[in-house]
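No value in this document is a laboratory result; all are computed from the given coordinates. Keep in mind that this is a model prediction, so the values were computed, not measured. Neighbour counts are summed over all protein chains in view; Cβ atoms, including those assigned to glycine, are modelled from backbone coordinates with ideal geometry.
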Ligand SMILES: Nc1ncnc2c1ncn2[C@@H]1O[C@H](COP(=O)(O)OP(=O)(O)OP(=O)(O)O)[C@@H](O)[C@H]1O
Ligand SMILES: [Mg+2]
């Protein structure tokens, strides 16, 4: 460590996670801390921000210095700034521009000091407003991980994981949920592979409306994978909770209950006003209706 310190290139774990809400940023950080058995402190960054002059800086310094102390004592510590854009962005509720700048500078300084001193403190930050994040804060993080809405492979796994949780709660689960999901997945796979061979490139459901055209040609059925296009992991969790409530009276979770509950909760993508998520998608462009002028570029699930 001494040698590394002399090079002024001390490695440090500073990780910025960014992407739409409900895609697993907080869960991943918690999971990381749990996996390596490292204590973690999750800070809701907006709670550090104070309208009182100087208080924001004091709060930021306080939390980082305290974490650094614990890290030294315990050998490792994870400090997680959730919604980090609350510090020093237009969204923050500090109204005095000078104070925003001072808060950002103070944040950078404490991080630099911790890094320089080689304190075993991992600093994670998460945001779903990455464009509003001060670029100096962005650069301070060594690693940047982008999160996005899950593709159909991942949606299948997430749905199965949640349905298996319901099973554990000793609620009867109809096998048709799994078998219909598998059948639909196979259809997706066959369509994607055929197109891949024909076009000679990888196919993404987010960028290629051709995949949806092919799937629609093959099957008129509305399955769970189609329905949950543009859903986050969190949306699927919400849908499962609704389904569980509906299934409690009959003590049986059927495919119909599960499907209608998923439909009821809806996906985040259509609510999130973000130009970057899925906006390059031809599907979205093709399917965005002219009547939705004000909501132009909103990611929309395909109407299949
Ligand atoms: N990829 C995933 N796999 C399984 N579950 C997921 C996934 N993504 C999200 N979830 C579920 O959604 C819930 C919420 O996710 P989480 O809070 O980590 O999202 P987030 O990206 O931090 O959202 P926000 O930006 O709103 O803070 C989790 O508790 C988890 O159950
Ligand atoms: Mg979060």
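Oblate is the label for the stretch 144-226, because the ratio a/c of its alpha-carbon gyration tensor axes (a ≥ b ≥ c) is 1.5 or higher and a/b is not greater than b/c. Measuring spread by the Cα atoms of the stretch 2-146 yields a radius of gyration and Dmax of 14.7, 44 Å.
Sorting 16-23, 105-112, 142-149 by average packing, meaning the other beta carbons within 10 Å per residue, from highest down gives 16-23, 105-112, 142-149. The distance separating the Cα centre of the stretch 174-201 from that of the stretch 221-248 comes to 19 Å. Panel order for 157, 244, by other beta carbons found within 10 Å of each beta carbon, from fewest to most: 157, 244. Packing order of peptides 52-60, 79-87, highest average first: 79-87, 52-60 (average count of other Cβ atoms within 10 Å over each peptide's residues).
Using 0.36 nm per residue and subtracting the Cα-Cα separation, the extra length available between residue 70 and residue 170 on full extension is 31.8 nm.
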